[in-house]
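Visitor: This structure is in structure tokens; I'll ask about it shortly.
The values are calculated or read from the model by the stated rules, or taken from the named source; none is laboratory data. Everything numeric here is computed off the predicted structure, so don't read it as measured data. Heads up, the Cβs are rebuilt from the backbone with ideal geometry, glycines too, and the neighbour counts pull from every protein chain shown. Note: areas computed on protein heavy atoms with side chains; ligands, DNA, RNA excluded. Shrake-Rupley method; radii C 1.70, N 1.55, O 1.52, S 1.80 Å.
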Amino acid sequence: MPTVRALQRQWPDARITWIIGKGEHSLLAGLSGVEFVVYDKSTGITGMRALWRQLAGTRFDVLLHMQQAIRASLLSLGLKANVRVGYDKARAKDAQHWFTQHQIAPHSNAHVLESFMDFARVLGVKDDHLEWNLPVTETARNEARVISGESPYLVINPCSNVRLRNFRNWSVEGYASVIEHAWVQHGLKSVLTGGGTAQEREIGDQIEALCQPGSVINAIGGTSLKGVLALIDQARVVIAPDTGPIHMANAMGTPALGLYASTNPQRAAPYCWREFAVNAYPEAVRTYLHKSVEGVNWGQRVRHPDAMMLIKADDVIAKLDALLAHTALTTSAGSTHEN
């Protein structure tokens, strides 16, 4: 989104077409100045051919190839573009450089957000300040109000996407300890969010069973993506592993506390709240890869089911206290300045 906004600032009249997945489109629908072309990833080559037919009459000045999966590269083959820009060779995966003519400039140890912004920079964009402006409908806000009520709350999204060897979920007991602390020490309820998979529902039920009555609202499987965005927009803090809602919080300006062990927070933590991420990644690299952080490739994942268990509840609670104190200070300073 910051890349799209930077392009719009540079060229307000440019036509921007975004090829996007179904789930992602349900979150970003209504975005100003963008034409979406929705691709259902589950349709494979049949869906690709349908998309190629849809765009057969369009030739783009430039194609920004910002996703590195081989599926995205194959899809790009059926698009007409004068210039195809991809990642530099150090950052390209799945042989993406075979599918592009030009590459963004090398940028060692870059955060994912910075890597995306490099696509705007290579086109000559100078104003690269961060801007999201995600649309939230009144319907979504009403959905969020029905779930959260009037009391202040945290959002906790305990699960990451269900994918093969995607070991990013923290412990049920750890989340329950954080919810207890937020309730007793700060008077904050916790709203649990997530998809409707059996695993997510089971984990939500287990967390709820360990918590005091009234301290938690279990909305897992009970919201739209826009509804989650609205909940996040009004939350005091969002706590989650490296998954969509923690980055949605970053986009909405909501304080974000990311939980990181299997992925490197220096590369993937919520960009504006990196200092508040709980970082067990160096310990996970030492424990399960038997190396130092400096000895592994940038972006190296620790694919071990116990990696996230290296995160201690006391560390998460300490970060939560620091984040709430920081937010209170900045809010107070802002109010004083305005007065």
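Visitor: What ranking of Ser160, Ser171, Ser42 comes out by heavy-atom accessible area, probe 1.4 Å, highest first?
Guide: Values: Ser160 5, Ser171 25, Ser42 100 Å².
The residues order as Ser42, Ser171, Ser160, largest area first.
Visitor: When all C-alpha to C-alpha distances in the range 134-191 are sorted into bins of 5 Å, what percent of pairs does each bin hold, rounded to whole numbers?
Guide: Per 5 Å bin, starting at zero, the Cα-Cα P(r) for the range 134-191 comes out as 4, 15, 18, 18, 17, 16, 11, 2 percent.
Visitor: Would you give the gap between the C-alpha center of the range 114-132 and the C-alpha center of the range 12-87, rounded to a whole Å?
Guide: Value for the Cα centre distance between the two parts: 19 Å.
Visitor: Met248: accessible area at probe 1.4 Å, nearest 10 Å²?
Guide: In the full protein context, Met248 sits at about 20 Å².
Visitor: Next question, about the same structure. Considering only protein heavy atoms, what is the solvent-accessible area of Asp40 at a probe of 1.4 Å, reported in Å² to the nearest 10?
Guide: Looks like 50 Å² after rounding.
Visitor: To continue, here is another question. Relative contact order for the range 1-99: what is it in percent, counting Cα pairs under 8 Å that are at least 6 residues apart? Walk me through the numbers before you get to the answer.
Guide: Numbers: 103 pairs, mean separation 18.7, N = 99.
After rounding, I find 19 percent.
Visitor: Okay, moving on. Cα atoms only, the chain: Rg and Dmax in Å?
Guide: Taking only Cα atoms of the chain, I get Rg and Dmax of 20.9, 61 Å.
Visitor: Nothing charged except the Cβ atoms of Lys and Arg (+1) and of Asp and Glu (-1): what's the magnitude of the dipole of the range 1-155 about its Cα centre? Round to the nearest 20 debye. Can you show the working numbers first?
Guide: Working: 18 positive and 15 negative charges, 125 e Å.
It comes to approximately 600 debye.
Visitor: Measuring from the lowest to the highest alpha carbon on each principal axis, how far does the range 11-106 reach, largest first, in angstroms?
Guide: If we take the Cα atoms of the range 11-106, the spans are 34, 34, 27 Å.
Visitor: Right, here's the next one. What value, in deg cm²/dmol to 500, does the helix sum -39500 (n - 2.57) over DSSP H runs of n ≥ 4 give at 222 nm once divided by the residues of the chain?
Guide: Estimated from H runs of four or more residues: -12000 deg cm²/dmol.
Visitor: Using DSSP, restrict attention to beta bridges with both residues in the chain and report what percent are antiparallel, rounded to the nearest 5.
Guide: Details: 0 of 27 bridges.
Bridges in the chain that DSSP calls antiparallel: roughly 0 percent.
Visitor: Residue by residue through the range 196-201, which ³J(HN,Hα) values in whole Hz follow from phi under the Karplus form 6.51 cos²θ - 1.76 cosθ + 1.60 (θ = phi - 60°), with glycine and proline marked x?
Guide: Here the 3J(HN,Hα) series is x, 5, 4, 5, 5, 5 Hz.
Visitor: Under a Cβ-Cβ cut-off of 14 Å, what is the net charge of the residues other than His97 that fall near it, where Lys and Arg count +1 and Asp and Glu count -1?
Guide: Around His97, the charge tally is +2.
Visitor: Also: How big is the charge dipole of the chain about its Cα centre, in debye rounded to the nearest 20, if each Lys and Arg gets +1 on its Cβ and each Asp and Glu gets -1 on its Cβ? Present the calculation step by step, with values, prior to reporting the outcome.
Guide: Numbers: 33 positive and 31 negative charges, 283 e Å.
Approximately 1360 debye in magnitude.
Visitor: Which links in Lys126/Lys226; Lys126/Lys312; Lys291/Lys312; Lys291/Lys319; Lys41/Lys89; Lys41/Lys312 stretch past 30 Å when you go from one Cα to the other?
Guide: Working: Lys126/Lys226 32 Å; Lys126/Lys312 42 Å; Lys291/Lys312 21 Å; Lys291/Lys319 26 Å; Lys41/Lys89 26 Å; Lys41/Lys312 37 Å.
Lys126/Lys226; Lys126/Lys312; Lys41/Lys312, as the Cα separations exceed 30 Å there.
Visitor: Just flag the trypsin sites (Lys or Arg not before Pro) in the range 49-96 sitting in loop per DSSP whose Cβ has no more than 16 other Cβ atoms within 10 Å.
Guide: Working: sites: Arg49, Arg53, Arg59, Arg71, Lys80, Arg84, Lys89, Arg91, Lys93; in loops: Lys89, Arg91, Lys93.
Hits after loop and neighbour filter: Lys89, Lys93.
Visitor: Ordering His181, His326, His102 by how much accessible area each has at a 1.4 Å probe, largest first, what is the list?
Guide: On the way: His181 35, His326 65, His102 100 Å².
Heavy-atom accessible area, descending, gives His102, His326, His181.
Visitor: Lys/Arg Cβ at +1, Asp/Glu Cβ at -1, dipole of the chain taken about the Cα centre: which of Asn161, Gly194, Leu229 is farthest positive-ward?
Guide: Value computed over the given set: Asn161.
Visitor: Once you order the gyration tensor axes a ≥ b ≥ c over the Cα atoms, which shape class does the range 197-339 get: rounded for a/c under 1.5, otherwise prolate or oblate by comparing a/b with b/c? Walk me through the intermediate numbers first.
Guide: Values: a/c = 1.85, a/b = 1.23, b/c = 1.51.
Since a/c reaches 1.5 but b/c is at least a/b, the shape of the range 197-339 is classed as oblate.
Visitor: Now, a different point. Using unit Cβ charges (K, R positive; D, E negative) and no other charged atoms, how large, in debye to the nearest 20, is the dipole of the range 142-335 about its Cα centre?
Guide: Values: 16 positive and 17 negative charges, 124 e Å.
Here the range 142-335 has a charge dipole of around 600 debye.
Visitor: Additional query: Label the range 66-203 by shape, choosing from rounded, prolate and oblate, from the square roots a ≥ b ≥ c of the eigenvalues of the Cα gyration tensor; if a/c is under 1.5 it is rounded, and otherwise prolate applies when a/b is larger than b/c, oblate when it is not.
Guide: Details: a/c = 2.37, a/b = 1.98, b/c = 1.20.
It comes out prolate by the Cα gyration axes.
Visitor: Among Ser171, Ala219, Ser73, whose Cα projects farthest towards the positive end of the dipole of the chain, with charges put on the beta-carbon of Lys, Arg (+1) and Asp, Glu (-1)?
Guide: Most positive-ward Cα: Ser73.
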